[in-house]
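Encoded as C-alpha coordinates, the structure appears first; notes follow it.
The values are calculated or read from the model by the stated rules, or taken from the named source; none is laboratory data. Keep in mind that this is a model prediction, so the values were computed, not measured. Ideal geometry is used to build each Cβ from the backbone, glycine not excepted, and the neighbour counts take in all protein chains shown. Accessible surface areas use protein heavy atoms only, side chains included; no ligands, DNA or RNA. Shrake-Rupley method; radii C 1.70, N 1.55, O 1.52, S 1.80 Å.
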Amino acid sequence: MAGQPQPLESYPVSTDSTSSRGSWNSKIGFIFAAAGSAVGLGNIWAFPAKVADNGGAVFLIVYLLCCLIIGFPVMVGELVLGRSTKKNPVGAFKALSNHWFPPLIGFWGVLCGVMILSFYLVVAGWTAGYVLEEAMHFAGQAELAAWFGDLSNGPKNALFSVLFMAATITIITGGVSNGIEKATKAMMPALLVILIVMIGYVLTLPGATDGVAVYLKPNPADLTGSVVFSALGQSFFSLSLGMGCLITYGSYMSRKQNLAESAFYVTMTDFSVAFLAGFLVIPAMFVAQGQGIPIYNDAGNLVAGGQLVFQVLPAMFHSMESGAGVIAGMAFFILLGLAALTSTISLLEVPVAYAVDEHGMSRKKAAIGIGSLIAVFAIIISFHVGLIDLLATSFNDVGLPLGGFMICVFLGYVWKTQNALLELEHGFEGLHTSWFKPVWVVFIRYICPLLIGSVFLATIYGLLTQ
Ligand code: TRP
(Lines give C-alpha, C1' and ligand atoms only; values in the text may rest on other atoms or scores of the structure.)
Protein backbone atom coordinates (compact mmCIF):
# COMPACT_ATOMS: atom_id res chain seq x y z
CA MET A 1 0.00 0.00 0.00
CA ALA A 2 1.30 3.47 -0.68
CA GLY A 3 1.65 6.03 2.06
CA GLN A 4 3.28 4.95 5.25
CA PRO A 5 1.82 1.63 6.29
CA GLN A 6 1.49 1.53 10.02
CA PRO A 7 2.73 -1.48 11.93
CA LEU A 8 0.02 -3.92 12.85
CA GLU A 9 0.79 -4.18 16.54
CA SER A 10 -1.92 -3.62 19.09
CA TYR A 11 -2.51 -0.17 20.41
CA PRO A 12 -5.09 1.18 22.82
CA VAL A 13 -8.09 2.85 21.27
CA SER A 14 -9.25 6.10 22.78
CA THR A 15 -12.54 5.93 24.63
CA ASP A 16 -14.68 8.30 22.64
CA SER A 17 -18.42 8.40 22.15
CA THR A 18 -18.30 5.11 20.30
CA SER A 19 -17.25 3.11 23.34
CA SER A 20 -20.85 2.44 24.34
CA ARG A 21 -21.47 0.58 21.10
CA GLY A 22 -18.08 -1.09 21.19
CA SER A 23 -14.85 -0.88 19.19
CA TRP A 24 -11.97 -3.13 18.23
CA ASN A 25 -9.19 -3.30 20.76
CA SER A 26 -6.40 -3.33 18.21
CA LYS A 27 -5.74 -3.00 14.50
CA ILE A 28 -5.04 -6.67 14.21
CA GLY A 29 -8.31 -7.34 16.06
CA PHE A 30 -10.26 -5.86 13.17
CA ILE A 31 -8.22 -7.85 10.66
CA PHE A 32 -8.95 -11.10 12.49
CA ALA A 33 -12.64 -10.30 12.78
CA ALA A 34 -13.04 -9.21 9.16
CA ALA A 35 -10.93 -12.08 7.84
CA GLY A 36 -13.01 -14.41 10.02
CA SER A 37 -16.13 -12.98 8.45
CA ALA A 38 -14.67 -13.44 4.99
CA VAL A 39 -13.20 -16.90 5.44
CA GLY A 40 -16.09 -19.29 5.73
CA LEU A 41 -18.05 -22.00 4.02
CA GLY A 42 -17.68 -19.82 0.94
CA ASN A 43 -13.94 -20.54 0.86
CA ILE A 44 -13.77 -24.19 1.80
CA TRP A 45 -17.13 -25.55 0.69
CA ALA A 46 -18.21 -23.34 -2.21
CA PHE A 47 -14.93 -22.14 -3.77
CA PRO A 48 -13.36 -25.53 -4.60
CA ALA A 49 -16.73 -26.73 -5.87
CA LYS A 50 -16.98 -23.74 -8.19
CA VAL A 51 -13.43 -24.32 -9.39
CA ALA A 52 -14.38 -27.92 -10.21
CA ASP A 53 -17.53 -26.73 -11.92
CA ASN A 54 -16.01 -23.90 -13.96
CA GLY A 55 -12.85 -25.20 -15.54
CA GLY A 56 -10.22 -25.15 -12.80
CA ALA A 57 -7.45 -22.59 -13.15
CA VAL A 58 -9.42 -20.21 -15.38
CA PHE A 59 -11.98 -19.72 -12.63
CA LEU A 60 -9.15 -19.19 -10.15
CA ILE A 61 -7.67 -16.35 -12.22
CA VAL A 62 -11.00 -14.64 -12.90
CA TYR A 63 -11.83 -14.94 -9.22
CA LEU A 64 -8.57 -13.27 -8.18
CA LEU A 65 -9.28 -10.41 -10.59
CA CYS A 66 -12.81 -9.99 -9.20
CA CYS A 67 -11.41 -9.82 -5.65
CA LEU A 68 -8.80 -7.20 -6.57
CA ILE A 69 -10.67 -5.08 -9.12
CA ILE A 70 -14.15 -5.11 -7.61
CA GLY A 71 -14.08 -6.61 -4.13
CA PHE A 72 -11.20 -4.62 -2.70
CA PRO A 73 -12.38 -1.11 -3.72
CA VAL A 74 -15.93 -1.88 -2.57
CA MET A 75 -14.59 -3.14 0.75
CA VAL A 76 -12.70 0.12 1.26
CA GLY A 77 -15.94 1.96 0.44
CA GLU A 78 -17.97 0.01 2.99
CA LEU A 79 -15.35 0.57 5.69
CA VAL A 80 -15.31 4.32 4.96
CA LEU A 81 -19.11 4.49 5.26
CA GLY A 82 -19.02 2.63 8.57
CA ARG A 83 -16.17 4.48 10.19
CA SER A 84 -17.31 7.93 9.21
CA THR A 85 -20.80 7.42 10.67
CA LYS A 86 -20.07 4.91 13.44
CA LYS A 87 -23.36 3.28 12.57
CA ASN A 88 -25.00 0.10 11.30
CA PRO A 89 -25.86 0.07 7.57
CA VAL A 90 -29.30 1.67 7.94
CA GLY A 91 -28.01 4.36 10.30
CA ALA A 92 -24.97 5.02 8.12
CA PHE A 93 -27.04 5.84 5.03
CA LYS A 94 -29.49 7.88 7.11
CA ALA A 95 -26.65 9.92 8.55
CA LEU A 96 -25.20 10.77 5.15
CA SER A 97 -28.29 11.73 3.18
CA ASN A 98 -31.67 13.32 3.74
CA HIS A 99 -33.35 11.40 0.99
CA TRP A 100 -35.59 8.44 1.85
CA PHE A 101 -33.97 6.04 -0.57
CA PRO A 102 -30.40 5.44 0.73
CA PRO A 103 -31.52 3.94 4.07
CA LEU A 104 -33.34 1.32 1.99
CA ILE A 105 -29.91 0.11 0.80
CA GLY A 106 -29.16 -0.48 4.47
CA PHE A 107 -32.46 -2.26 5.03
CA TRP A 108 -31.83 -4.43 1.99
CA GLY A 109 -28.47 -5.35 3.53
CA VAL A 110 -30.01 -6.26 6.86
CA LEU A 111 -32.61 -8.40 5.08
CA CYS A 112 -29.94 -10.16 2.99
CA GLY A 113 -27.97 -10.83 6.17
CA VAL A 114 -30.96 -12.37 7.92
CA MET A 115 -31.84 -14.58 4.96
CA ILE A 116 -28.27 -15.65 4.22
CA LEU A 117 -27.71 -16.54 7.86
CA SER A 118 -30.91 -18.63 7.89
CA PHE A 119 -29.61 -21.10 5.33
CA TYR A 120 -25.93 -20.69 6.20
CA LEU A 121 -26.76 -22.13 9.63
CA VAL A 122 -28.17 -25.28 8.06
CA VAL A 123 -25.00 -25.85 6.01
CA ALA A 124 -22.89 -25.03 9.08
CA GLY A 125 -24.98 -27.63 10.93
CA TRP A 126 -24.13 -30.23 8.27
CA THR A 127 -20.42 -29.75 9.04
CA ALA A 128 -21.02 -30.33 12.76
CA GLY A 129 -23.09 -33.42 11.94
CA TYR A 130 -20.25 -34.78 9.84
CA VAL A 131 -17.74 -34.46 12.70
CA LEU A 132 -19.92 -37.00 14.56
CA GLU A 133 -20.57 -39.01 11.40
CA GLU A 134 -16.82 -39.61 11.08
CA ALA A 135 -16.54 -40.58 14.76
CA MET A 136 -19.51 -42.97 14.56
CA HIS A 137 -18.20 -44.55 11.40
CA PHE A 138 -14.90 -45.19 13.17
CA ALA A 139 -16.71 -46.65 16.17
CA GLY A 140 -18.52 -49.08 13.87
CA GLN A 141 -21.92 -47.47 14.52
CA ALA A 142 -23.10 -47.53 10.93
CA GLU A 143 -26.68 -46.55 11.69
CA LEU A 144 -25.75 -43.55 13.82
CA ALA A 145 -23.14 -42.53 11.28
CA ALA A 146 -25.79 -42.54 8.56
CA TRP A 147 -28.12 -40.46 10.76
CA PHE A 148 -25.50 -37.77 11.41
CA GLY A 149 -24.46 -37.73 7.76
CA ASP A 150 -27.95 -37.43 6.28
CA LEU A 151 -28.17 -33.97 4.72
CA SER A 152 -31.96 -34.01 4.51
CA ASN A 153 -32.61 -35.29 8.02
CA GLY A 154 -34.84 -32.47 9.31
CA PRO A 155 -34.65 -32.98 13.09
CA LYS A 156 -30.87 -33.48 12.93
CA ASN A 157 -30.40 -30.40 10.73
CA ALA A 158 -32.60 -28.34 13.05
CA LEU A 159 -30.70 -29.50 16.13
CA PHE A 160 -27.29 -28.59 14.73
CA SER A 161 -28.34 -25.27 13.23
CA VAL A 162 -29.84 -24.23 16.55
CA LEU A 163 -26.62 -25.22 18.34
CA PHE A 164 -24.65 -23.13 15.86
CA MET A 165 -26.95 -20.18 16.46
CA ALA A 166 -26.56 -20.58 20.23
CA ALA A 167 -22.77 -20.40 19.87
CA THR A 168 -23.10 -17.35 17.62
CA ILE A 169 -25.43 -15.56 20.05
CA THR A 170 -23.06 -16.28 22.95
CA ILE A 171 -20.13 -14.68 21.12
CA ILE A 172 -22.14 -11.66 19.91
CA THR A 173 -23.50 -11.07 23.41
CA GLY A 174 -19.89 -10.78 24.62
CA GLY A 175 -19.54 -7.53 22.64
CA VAL A 176 -17.26 -6.30 19.89
CA SER A 177 -13.85 -6.64 21.51
CA ASN A 178 -14.61 -9.19 24.21
CA GLY A 179 -16.84 -11.34 22.05
CA ILE A 180 -16.15 -11.08 18.31
CA GLU A 181 -12.50 -10.02 18.46
CA LYS A 182 -11.46 -12.56 21.11
CA ALA A 183 -13.33 -15.44 19.49
CA THR A 184 -11.95 -14.80 16.01
CA LYS A 185 -8.41 -14.32 17.34
CA ALA A 186 -8.63 -17.78 18.88
CA MET A 187 -10.37 -19.53 15.98
CA MET A 188 -8.58 -18.13 12.93
CA PRO A 189 -5.09 -19.42 13.79
CA ALA A 190 -6.57 -22.84 14.64
CA LEU A 191 -8.31 -22.87 11.29
CA LEU A 192 -5.12 -22.03 9.40
CA VAL A 193 -3.10 -24.68 11.20
CA ILE A 194 -5.67 -27.41 10.46
CA LEU A 195 -5.90 -26.31 6.83
CA ILE A 196 -2.15 -26.36 6.24
CA VAL A 197 -1.57 -29.66 8.03
CA MET A 198 -4.39 -31.26 6.04
CA ILE A 199 -3.03 -29.98 2.71
CA GLY A 200 0.38 -31.42 3.60
CA TYR A 201 -1.25 -34.74 4.35
CA VAL A 202 -3.56 -34.96 1.33
CA LEU A 203 -0.76 -34.07 -1.08
CA THR A 204 1.15 -37.18 0.02
CA LEU A 205 -1.73 -39.47 -0.99
CA PRO A 206 -1.70 -41.28 -4.34
CA GLY A 207 -3.50 -39.40 -7.12
CA ALA A 208 -3.27 -35.98 -5.45
CA THR A 209 -0.96 -34.52 -8.10
CA ASP A 210 -3.58 -35.11 -10.81
CA GLY A 211 -5.82 -32.78 -8.85
CA VAL A 212 -3.10 -30.16 -8.55
CA ALA A 213 -2.70 -30.22 -12.33
CA VAL A 214 -6.43 -29.66 -12.94
CA TYR A 215 -6.39 -26.87 -10.37
CA LEU A 216 -3.41 -24.96 -11.73
CA LYS A 217 -3.44 -25.51 -15.48
CA PRO A 218 -5.62 -22.91 -17.20
CA ASN A 219 -7.47 -23.83 -20.36
CA PRO A 220 -8.50 -20.60 -22.13
CA ALA A 221 -11.44 -22.40 -23.74
CA ASP A 222 -13.00 -22.58 -20.28
CA LEU A 223 -13.43 -18.82 -20.12
CA THR A 224 -17.15 -18.18 -20.59
CA GLY A 225 -19.61 -15.56 -19.42
CA SER A 226 -20.98 -17.85 -16.78
CA VAL A 227 -17.49 -18.26 -15.29
CA VAL A 228 -17.30 -14.49 -14.86
CA PHE A 229 -20.78 -14.29 -13.25
CA SER A 230 -19.99 -17.12 -10.96
CA ALA A 231 -16.62 -15.64 -9.93
CA LEU A 232 -18.10 -12.20 -9.24
CA GLY A 233 -20.91 -13.62 -7.09
CA GLN A 234 -18.44 -15.81 -5.27
CA SER A 235 -16.10 -12.88 -4.55
CA PHE A 236 -18.95 -10.81 -3.06
CA PHE A 237 -20.11 -13.68 -0.91
CA SER A 238 -16.64 -14.66 0.18
CA LEU A 239 -15.48 -11.13 0.99
CA SER A 240 -18.80 -10.55 2.85
CA LEU A 241 -19.62 -7.55 0.66
CA GLY A 242 -22.79 -5.89 -0.53
CA MET A 243 -24.90 -6.08 2.60
CA GLY A 244 -23.18 -3.71 4.98
CA CYS A 245 -21.32 -6.28 7.01
CA LEU A 246 -18.14 -4.26 6.51
CA ILE A 247 -20.00 -1.00 7.14
CA THR A 248 -20.80 -2.47 10.54
CA TYR A 249 -17.30 -3.80 11.19
CA GLY A 250 -15.86 -0.49 9.94
CA SER A 251 -18.01 1.39 12.44
CA TYR A 252 -15.97 -0.16 15.25
CA MET A 253 -12.63 0.94 13.77
CA SER A 254 -10.32 3.67 14.98
CA ARG A 255 -9.29 6.66 12.88
CA LYS A 256 -5.69 5.64 13.44
CA GLN A 257 -6.16 2.63 11.22
CA ASN A 258 -5.44 2.75 7.50
CA LEU A 259 -8.66 1.46 5.90
CA ALA A 260 -7.15 0.74 2.49
CA GLU A 261 -4.28 -1.22 3.94
CA SER A 262 -6.57 -3.17 6.27
CA ALA A 263 -9.01 -3.97 3.46
CA PHE A 264 -6.10 -5.20 1.37
CA TYR A 265 -4.96 -7.59 4.10
CA VAL A 266 -8.49 -8.92 4.52
CA THR A 267 -8.97 -9.38 0.76
CA MET A 268 -5.68 -11.21 0.39
CA THR A 269 -6.24 -13.40 3.44
CA ASP A 270 -9.60 -14.41 2.08
CA PHE A 271 -8.24 -15.14 -1.37
CA SER A 272 -5.29 -17.07 0.07
CA VAL A 273 -7.50 -19.29 2.20
CA ALA A 274 -9.72 -20.06 -0.78
CA PHE A 275 -6.63 -20.75 -2.88
CA LEU A 276 -5.26 -23.07 -0.20
CA ALA A 277 -8.60 -24.82 0.23
CA GLY A 278 -8.39 -25.68 -3.47
CA PHE A 279 -5.14 -27.54 -2.75
CA LEU A 280 -6.98 -29.61 -0.19
CA VAL A 281 -10.31 -30.34 -1.84
CA ILE A 282 -9.42 -30.73 -5.55
CA PRO A 283 -6.50 -33.14 -4.99
CA ALA A 284 -8.65 -35.01 -2.46
CA MET A 285 -11.21 -35.65 -5.20
CA PHE A 286 -8.58 -37.35 -7.31
CA VAL A 287 -7.38 -39.38 -4.34
CA ALA A 288 -10.99 -40.46 -3.93
CA GLN A 289 -11.13 -41.43 -7.59
CA GLY A 290 -8.08 -43.66 -7.10
CA GLN A 291 -10.03 -45.39 -4.38
CA GLY A 292 -12.86 -46.15 -6.77
CA ILE A 293 -15.18 -43.33 -5.74
CA PRO A 294 -16.89 -41.73 -8.76
CA ILE A 295 -15.98 -38.02 -9.11
CA TYR A 296 -17.52 -37.35 -12.52
CA ASN A 297 -21.27 -37.08 -12.94
CA ASP A 298 -23.31 -38.52 -15.79
CA ALA A 299 -22.64 -35.47 -17.92
CA GLY A 300 -18.90 -36.05 -17.61
CA ASN A 301 -18.24 -33.04 -15.38
CA LEU A 302 -16.51 -33.11 -12.04
CA VAL A 303 -19.11 -33.37 -9.28
CA ALA A 304 -19.46 -30.06 -7.48
CA GLY A 305 -21.60 -28.33 -4.91
CA GLY A 306 -22.74 -30.04 -1.75
CA GLN A 307 -21.93 -33.44 -3.17
CA LEU A 308 -18.25 -32.71 -3.38
CA VAL A 309 -17.48 -31.85 0.20
CA PHE A 310 -20.25 -33.83 1.87
CA GLN A 311 -20.17 -37.03 -0.20
CA VAL A 312 -16.92 -37.48 -2.07
CA LEU A 313 -14.67 -36.48 0.82
CA PRO A 314 -16.37 -38.60 3.53
CA ALA A 315 -16.22 -41.56 1.15
CA MET A 316 -12.49 -40.93 0.79
CA PHE A 317 -11.97 -40.66 4.55
CA HIS A 318 -13.86 -43.92 5.07
CA SER A 319 -11.78 -45.80 2.54
CA MET A 320 -8.53 -44.76 4.22
CA GLU A 321 -6.89 -46.76 6.97
CA SER A 322 -9.41 -46.28 9.74
CA GLY A 323 -7.23 -44.41 12.29
CA ALA A 324 -5.93 -41.93 9.72
CA GLY A 325 -9.36 -41.68 8.11
CA VAL A 326 -11.19 -40.70 11.27
CA ILE A 327 -8.58 -38.11 12.25
CA ALA A 328 -8.48 -36.56 8.78
CA GLY A 329 -12.26 -36.64 8.49
CA MET A 330 -12.95 -35.07 11.86
CA ALA A 331 -10.21 -32.47 11.36
CA PHE A 332 -11.68 -31.50 7.99
CA PHE A 333 -15.19 -30.98 9.31
CA ILE A 334 -13.92 -29.16 12.42
CA LEU A 335 -12.06 -26.85 10.02
CA LEU A 336 -15.28 -26.19 8.11
CA GLY A 337 -17.20 -25.64 11.35
CA LEU A 338 -14.68 -23.09 12.66
CA ALA A 339 -14.73 -21.23 9.37
CA ALA A 340 -18.54 -21.19 9.47
CA LEU A 341 -18.71 -19.89 13.04
CA THR A 342 -16.45 -16.88 12.44
CA SER A 343 -18.79 -16.01 9.54
CA THR A 344 -22.15 -16.54 11.28
CA ILE A 345 -20.91 -14.05 13.89
CA SER A 346 -20.57 -11.33 11.27
CA LEU A 347 -23.93 -12.12 9.71
CA LEU A 348 -25.76 -11.80 13.04
CA GLU A 349 -23.81 -8.69 14.03
CA VAL A 350 -25.43 -6.62 11.24
CA PRO A 351 -29.09 -6.89 12.39
CA VAL A 352 -27.95 -6.71 16.02
CA ALA A 353 -26.06 -3.45 15.39
CA TYR A 354 -29.15 -2.14 13.61
CA ALA A 355 -31.41 -2.94 16.59
CA VAL A 356 -28.89 -1.47 19.07
CA ASP A 357 -28.24 1.78 17.15
CA GLU A 358 -31.65 2.48 15.69
CA HIS A 359 -33.98 1.05 18.31
CA GLY A 360 -31.90 1.46 21.47
CA MET A 361 -32.10 -2.24 22.31
CA SER A 362 -29.47 -3.79 24.54
CA ARG A 363 -26.91 -5.89 22.68
CA LYS A 364 -27.92 -8.98 24.64
CA LYS A 365 -31.65 -8.62 23.99
CA ALA A 366 -31.04 -7.89 20.31
CA ALA A 367 -28.73 -10.89 19.90
CA ILE A 368 -31.11 -13.29 21.62
CA GLY A 369 -34.26 -11.90 20.01
CA ILE A 370 -33.03 -11.62 16.43
CA GLY A 371 -30.92 -14.77 16.77
CA SER A 372 -33.98 -16.76 17.85
CA LEU A 373 -36.04 -15.45 14.99
CA ILE A 374 -33.37 -16.46 12.49
CA ALA A 375 -33.10 -19.84 14.22
CA VAL A 376 -36.81 -20.36 13.49
CA PHE A 377 -36.17 -19.69 9.79
CA ALA A 378 -33.23 -22.11 9.94
CA ILE A 379 -35.45 -24.80 11.49
CA ILE A 380 -37.94 -24.42 8.65
CA ILE A 381 -35.14 -24.68 6.08
CA SER A 382 -33.76 -27.71 7.96
CA PHE A 383 -36.87 -29.63 6.94
CA HIS A 384 -36.88 -28.27 3.38
CA VAL A 385 -33.24 -28.21 2.32
CA GLY A 386 -34.32 -27.67 -1.29
CA LEU A 387 -34.95 -24.06 -0.27
CA ILE A 388 -31.22 -23.47 0.15
CA ASP A 389 -30.62 -23.17 -3.59
CA LEU A 390 -33.47 -20.74 -4.02
CA LEU A 391 -32.34 -18.57 -1.11
CA ALA A 392 -28.71 -18.62 -2.24
CA THR A 393 -29.74 -17.51 -5.73
CA SER A 394 -31.99 -14.71 -4.47
CA PHE A 395 -29.85 -13.30 -1.70
CA ASN A 396 -26.27 -14.13 -2.70
CA ASP A 397 -26.24 -14.16 -6.47
CA VAL A 398 -28.76 -11.35 -6.89
CA GLY A 399 -28.93 -9.62 -3.50
CA LEU A 400 -25.25 -8.97 -2.81
CA PRO A 401 -24.21 -7.58 -6.21
CA LEU A 402 -27.33 -5.39 -6.18
CA GLY A 403 -26.31 -4.08 -2.75
CA GLY A 404 -22.73 -3.59 -3.92
CA PHE A 405 -23.89 -1.67 -6.97
CA MET A 406 -26.03 0.67 -4.87
CA ILE A 407 -23.19 1.19 -2.39
CA CYS A 408 -20.88 2.28 -5.23
CA VAL A 409 -23.48 4.64 -6.69
CA PHE A 410 -24.11 6.11 -3.25
CA LEU A 411 -20.40 6.62 -2.61
CA GLY A 412 -19.66 7.99 -6.06
CA TYR A 413 -22.66 10.21 -6.75
CA VAL A 414 -24.72 10.84 -3.63
CA TRP A 415 -22.31 11.23 -0.74
CA LYS A 416 -19.52 11.79 -3.29
CA THR A 417 -16.01 10.42 -3.29
CA GLN A 418 -14.42 13.67 -2.13
CA ASN A 419 -16.23 13.29 1.19
CA ALA A 420 -15.27 9.63 1.40
CA LEU A 421 -11.63 10.65 0.83
CA LEU A 422 -11.78 13.01 3.81
CA GLU A 423 -12.56 9.99 5.97
CA LEU A 424 -10.10 7.71 4.25
CA GLU A 425 -7.35 10.23 4.94
CA HIS A 426 -7.44 9.40 8.65
CA GLY A 427 -4.84 6.73 9.26
CA PHE A 428 -3.67 6.91 5.63
CA GLU A 429 -0.77 9.31 5.62
CA GLY A 430 0.12 10.52 2.15
CA LEU A 431 -3.27 9.60 0.67
CA HIS A 432 -3.35 12.77 -1.38
CA THR A 433 -0.12 12.09 -3.17
CA SER A 434 -0.67 8.35 -3.44
CA TRP A 435 -1.69 6.52 -6.64
CA PHE A 436 -4.43 4.95 -4.57
CA LYS A 437 -6.52 8.11 -4.43
CA PRO A 438 -7.29 8.63 -8.15
CA VAL A 439 -7.45 4.90 -8.82
CA TRP A 440 -9.95 4.24 -6.05
CA VAL A 441 -12.14 7.17 -7.17
CA VAL A 442 -12.25 5.92 -10.77
CA PHE A 443 -13.04 2.40 -9.63
CA ILE A 444 -15.84 3.41 -7.25
CA ARG A 445 -17.43 5.90 -9.66
CA TYR A 446 -17.08 4.06 -12.97
CA ILE A 447 -15.42 0.69 -13.14
CA CYS A 448 -17.08 -1.14 -10.23
CA PRO A 449 -20.67 0.00 -10.87
CA LEU A 450 -20.25 -0.69 -14.58
CA LEU A 451 -18.82 -4.17 -14.11
CA ILE A 452 -21.18 -5.12 -11.28
CA GLY A 453 -24.13 -3.66 -13.16
CA SER A 454 -23.44 -5.52 -16.39
CA VAL A 455 -22.70 -8.81 -14.67
CA PHE A 456 -25.84 -8.29 -12.60
CA LEU A 457 -28.04 -7.68 -15.62
CA ALA A 458 -26.55 -10.67 -17.40
CA THR A 459 -27.21 -12.83 -14.33
CA ILE A 460 -30.84 -11.72 -14.17
CA TYR A 461 -31.21 -12.32 -17.88
CA GLY A 462 -29.67 -15.76 -17.46
CA LEU A 463 -32.01 -16.59 -14.58
CA LEU A 464 -35.08 -15.43 -16.48
CA THR A 465 -34.26 -17.29 -19.69
CA GLN A 466 -33.07 -20.45 -17.97
N1 TRP B 1 -17.94 -14.70 3.70
C2 TRP B 1 -18.55 -15.81 4.34
C3 TRP B 1 -18.14 -17.09 3.62
O4 TRP B 1 -17.35 -17.05 2.74
C5 TRP B 1 -20.04 -15.68 4.46
C6 TRP B 1 -20.46 -14.37 5.00
C7 TRP B 1 -20.22 -13.88 6.24
C8 TRP B 1 -21.12 -13.36 4.29
N9 TRP B 1 -20.71 -12.63 6.36
C10 TRP B 1 -21.27 -12.27 5.18
C11 TRP B 1 -21.59 -13.28 2.99
C12 TRP B 1 -21.86 -11.10 4.74
C13 TRP B 1 -22.18 -12.10 2.56
C14 TRP B 1 -22.30 -11.01 3.42
O15 TRP B 1 -18.59 -18.14 3.93
Next item on the list: Post the alpha-carbon centroid distance, segment 196-220 to segment 303-371, in whole angstrom.
Entry: 25
Checklist line | Farthest toward positive dipole pole in the chain [+1 Lys/Arg, -1 Asp/Glu at C-beta], among Gly278, Val76, Tyr63 | finding: Val76
Next item on the list: Output the relative contact order of the chain, whole-number percent, from Cα pairs under 8 angstrom with separation of 6+ residues.
Entry: 33
Check: Would you list His318, His99 from the most to the least accessible area, probe 1.4 Å?
Finding: His99, His318
Next item on the list: Can you figure out the FRET efficiency of Ala324 with Asp210, using R₀ = 22 Å and their beta-carbon distance, to the nearest 0.05?
Entry: 0.60
Next item on the list: Just read off the accessible area of Trp435 with the full protein assembly in place, 1.4 Å probe, to the nearest 10 Å².
Entry: 140
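Rolling a 1.4 angstrom probe over the protein heavy atoms, how many square angstrom per residue are accessible across segment 153-288? Don't skip to the end; give the middle numbers.
On the way: 4440 Å² over 136 residues.
With the other protein chains kept in place, segment 153-288 gives 33 Å² per residue.
For segment 301-370, which GluC sites (Glu not before Pro) are in a loop by DSSP, counting at most 13 other Cβ atoms within 10 Å?
Details: sites: Glu321, Glu349, Glu358; in loops: Glu321.
In loop regions of segment 301-370 (DSSP not H, G, I, E or B), the sparsely surrounded GluC sites (Glu not before Pro) are Glu321.
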Next item on the list: Using packing as a proxy for protection, rank 443-449, 68-74, 269-275 so that the peptide with the highest average count of other Cβ atoms within 10 Å comes first.
Entry: 68-74, 269-275, 443-449
Check: Of Val376, Gly412, Leu463, which is farthest along the charge dipole of segment 364-466 in the positive direction, counting Lys and Arg as +1 and Asp and Glu as -1 at C-beta?
Finding: Val376
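Report the calculated FRET efficiency for Phe383 and Ser434 (r = Cβ-Cβ distance, R0 = 45 Å), to the nearest 0.05. All intermediate terms of the calculation are to be shown ahead of the outcome.
Numbers: r = 53 Å, r/R0 = 1.18.
Efficiency for this residue pair is about 0.25.
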Item checked: Carbon + sulfur, % of accessible area of the chain - ligands and nucleic acids excluded, 1.4 Å -> 67
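Assuming R0 = 41 Å, can you tell me the calculated FRET efficiency for the pair Ala142 and Leu203, based on Cβ-Cβ distance, to the nearest 0.05? Don't skip to the answer; put the middle values down first.
Details: r = 30 Å, r/R0 = 0.74.
The computed FRET efficiency comes out at 0.85.
So, with +1 on the Cβ of K and R and -1 on the Cβ of D and E, and no other charges, what is the size of the charge dipole of the chain about its Cα centre, to the nearest 20 debye? Mind dumping the intermediate values first?
Values: 19 positive and 23 negative charges, 259 e Å.
It works out to roughly 1240 debye.
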Checklist line | chymotrypsin sites (Phe, Trp or Tyr not before Pro) lying in DSSP loop within segment 356-433, provided at most 14 other Cβ fall within 10 Å | finding: none
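Given a 1.4 angstrom probe, what's the average accessible area per residue across segment 302-412, in square angstrom? Intermediate values should be presented prior to the final figure.
Numbers: 3790 Å² over 111 residues.
Averaged over the residues of segment 302-412, the accessible area is 34 Å².
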Check: Gain in length, Leu104 to Leu159, computed as 0.36 nm per residue apart minus the alpha-carbon separation, to one decimal in nm?
Finding: 16.4 nm
Note to self: Please compute the length gained on full extension between Met268 and Ile460, using 0.36 nm multiplied by the number of residues separating them and subtracting their Cα-Cα distance.
What the structure shows: 66.2 nm
Note to self: If you filter segment 54-140 for chymotrypsin sites (Phe, Trp or Tyr not before Pro), then keep DSSP loop positions with at most 14 other Cβ within 10 Å, what is left?
What the structure shows: Trp100
Next item on the list: Return the calculated 222 nm mean residue ellipticity for the chain, to the nearest 500 deg cm²/dmol, obtained by summing -39500 (n - 2.57) across DSSP H runs with n ≥ 4 and dividing by the residue count.
Entry: -21500 deg cm²/dmol
Notebook entry, point to check: Just how far, in whole angstrom, is segment 157-190 from segment 46-119 if you go by their alpha carbon centroids?
Noted result: 21
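Set the bar at 28 Å for Cα to Cα. Now go through Lys185/Lys416; Lys86/Lys365; Lys94/Lys437 and name every pair that lies beyond it. All intermediate terms of the calculation are to be shown ahead of the outcome.
Working: Lys185/Lys416 35 Å; Lys86/Lys365 21 Å; Lys94/Lys437 26 Å.
The answer is Lys185/Lys416.
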Note to self: In 10 Å bins starting at zero, report the fraction of Cα pairs in segment 22-464 per bin as a rounded %.
What the structure shows: 5, 22, 33, 26, 12, 3, 0
